[in-house]
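*Asks:* Got a structure for you, questions after.
The values are calculated or read from the model by the stated rules, or taken from the named source; none is laboratory data. From a predicted model like this one, the values you see are computed outputs, not experimental measurements. Quick reminder, even Gly has a Cβ in these numbers, built from the backbone with ideal geometry, and neighbours come from all protein chains shown. Each accessible area value is taken on the protein alone, full model and side chains, heavy atoms only, with ligands, DNA and RNA left out. Shrake-Rupley method; radii C 1.70, N 1.55, O 1.52, S 1.80 Å.
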Protein chains: 2
Amino acid sequence: MIELAILGILKESNLHGYELKKHLRKVLGPLSNVSFGSLYPALARLEREGAVTIVESGPDAAPPMPMTGSLTGEAAAFRSRRRPTRGPRNRKVYGITPAGETRLVELMADPADDERSFGMKLAFFRWCDRPTRLRLLERRRASLLDRLEETRKAVAARDQDDPYVRALMEHDTESTMNDIAWIGRLIARETGDEGLDKETTGGHR
Amino acid sequence: MIELAILGILKESNLHGYELKKHLRKVLGPLSNVSFGSLYPALARLEREGAVTIVESGPDAAPPMPMTGSLTGEAAAFRSRRRPTRGPRNRKVYGITPAGETRLVELMADPADDERSFGMKLAFFRWCDRPTRLRLLERRRASLLDRLEETRKAVAARDQDDPYVRALMEHDTESTMNDIAWIGRLIARETGDEGLDKETTGGHR
DNA sequence: GGCCCAACATATCGGGCTGATATATCGAAC
DNA sequence: GTTCGATATATCAGCCCGATATGTTGGGCC
């Protein structure tokens, strides 16, 4: 699933591994603390597969095509800032390829649905159309409901009631219900069409 | 951390791998879905280290010492139930050793503090004395506070505000605060001794 | 009886992830 | 001018997961 994160970030701007990790941390926060030990191999893998390419590399590499898609002004500024008289260090700046964009769409559709995977997908929802978003949200809700059911069954079937185990399960139930309610709100926001932070076209409150 | 789970379960009763997994699922619920691919190697590892021993094995093994410490009547009953005229199948029933008990204490003190590790430790709190429990709870609270702080900083430093990323972070903040409150209640229950046995908290939302 | 199927039971393997470690460059402080 | 911390890439051991293999046991069914 780290590949999803890499492609999602690279879709916005070309970056090298080290920067990638920082952006990732910024976007996903504590949800995904990617380590270098998985980041670099993943980048190598993706390059082998043709999902990303090295856009700029080594000391004083010739800057290739200025844009791959529309860069935010920030990224462009950053790129120009990075141009000291002495070339950059040993960096490999990666960019996403058309094949990579395809791969990104595939990865978004991947059935993996744990907290981490879902968090990543949500972070890149802006690249999806509404039906896809709704599909992912519904699937997440379904698996949360499954989890809720399973925990409840475990609580019910419990003979020896250790207070700590009980506390653990009750908290799990509570947290899961919170998550479900949250997903519900996201779905509502998605279906209650158009902008709802501006003029409330359809809903109250 | 799977070793902690194994030892914690084995401390209660001698079991073979398959049963162990079921017990684990029951105690930890969806928090720790241990797979056989990690369970059996872990058992082999623990046996190599002398933390567990094979108490009974293969078809019609002679039943060794009836008790390793005080067994709950349930476990004893279970053990006697397991004695059909035709010996059991190819099973390896494991039991914890004194070295294993020591290892269990070490593992409880381990600094790992993610949701999974903490959940496991909490599930085995009954084996700890109160100071240890409080230490673990305080540590967990501290790391949750760190996480909260980090997420808040990320939200504040955010220039481009993607609504989905924002939703993700806000939900993370909310969940973390919930967790902190929960830990707070556990600490209170631990320090506010005796007296309050039931629901003393009118849970907010 | 004879048959099949689901659950029981153990084990291994590939591939991916984490944490530790190695290596080297750059900027800035001292 | 050198020490130090941030930047930057990479590899390695060890562990975990999911898939897969291999067999056993018990029960339902005709």
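*Asks:* Find out how many positive minus negative residues lie around B:Leu148, taking Lys and Arg as positive, Asp and Glu as negative, among other residues whose Cβ is under 11 Å from that of B:Leu148.
*Replies:* Numbers: positive: B:Arg141, B:Arg147, B:Arg152, B:Lys153; negative: B:Asp146, B:Glu149, B:Glu150, B:Asp172, B:Glu174, B:Asp179.
Net charge in that neighbourhood comes out at -2.
*Asks:* Using protein chains only (no ligands, no nucleic acids) and a 1.4 Å probe, work out which residues of the range B:13-36 have their accessible area cut by at least 40 Å² relative to the chain alone.
*Replies:* B:Lys26, B:Val27, B:Pro30, B:Leu31
*Asks:* How much net charge surrounds A:Ile6 when only the other residues with a Cβ under 15 Å from the Cβ of A:Ile6 are counted, with Lys and Arg +1 and Asp and Glu -1?
*Replies:* +3
*Asks:* Tally Lys/Arg at +1 and Asp/Glu at -1 over every other residue whose Cβ is under 13 Å from the Cβ of B:Glu47; what's the total?
*Replies:* +2
*Asks:* Output the residues of the range A:106-138 meeting this criterion: accessible area (heavy atoms, 1.4 Å probe) in the chain alone minus accessible area with all protein chains in place is 30 Å² or greater.
*Replies:* A:Leu122, A:Arg126
*Asks:* Let me ask you something else. With the solvent-accessible surface defined on protein heavy atoms using a 1.4 Å probe, which residues belonging to the range B:160-184 display a reduction of at least 50 Å² in accessible area in the multichain context relative to the isolated chain?
*Replies:* At a threshold of 50 Å² (probe 1.4 Å), the residues of the range B:160-184 that become less exposed are B:Tyr164, B:Leu168, B:His171, B:Trp182.
*Asks:* Right, here's the next one. Using a probe of 1.4 angstrom, how much of the accessible area of the range A:129-191 is carbon and sulfur, in percent?
*Replies:* On the way: 1720 of 3210 Å².
Reported share for carbon and sulfur atoms: 54 percent.
*Asks:* Put B:Glu150, B:Glu115 in order of accessible area, largest first, 1.4 Å probe: what do you get?
*Replies:* My answer, sorted largest first, is B:Glu115, B:Glu150.
*Asks:* Which pairs in the list A:Lys22/A:Lys121; A:Lys21/B:Lys153; A:Lys92/B:Lys153; B:Lys21/B:Lys121; A:Lys26/B:Lys21; B:Lys26/B:Lys153 are over 26 Å apart, alpha-carbon to alpha-carbon? Please list the in-between numbers first.
*Replies:* Values: A:Lys22/A:Lys121 18 Å; A:Lys21/B:Lys153 17 Å; A:Lys92/B:Lys153 29 Å; B:Lys21/B:Lys121 17 Å; A:Lys26/B:Lys21 37 Å; B:Lys26/B:Lys153 38 Å.
Violating the 26 Å limit, Cα to Cα: A:Lys92/B:Lys153; A:Lys26/B:Lys21; B:Lys26/B:Lys153.
*Asks:* Name the residues whose placed amide hydrogens come within less than 5 Å of the amide hydrogen of B:Val55, ignoring near sequence neighbours (fewer than 5 apart) on the same chain.
*Replies:* Under 5 Å from the amide H of B:Val55: B:Val93, B:Tyr94, B:Gly95.
*Asks:* Here is a further query. Tell me: how much accessible area in total is hidden between A and B, 1.4 Å probe, Å², nearest 100?
*Replies:* Numbers: alone 12990 and 12870 Å², together 22410 Å².
It comes to approximately 3500 Å² buried between A and B.
*Asks:* Suppose all protein chains stay in the model; what accessible area per residue would a 1.4 Å probe give for the range B:1-40, in Å²?
*Replies:* 36 Å²
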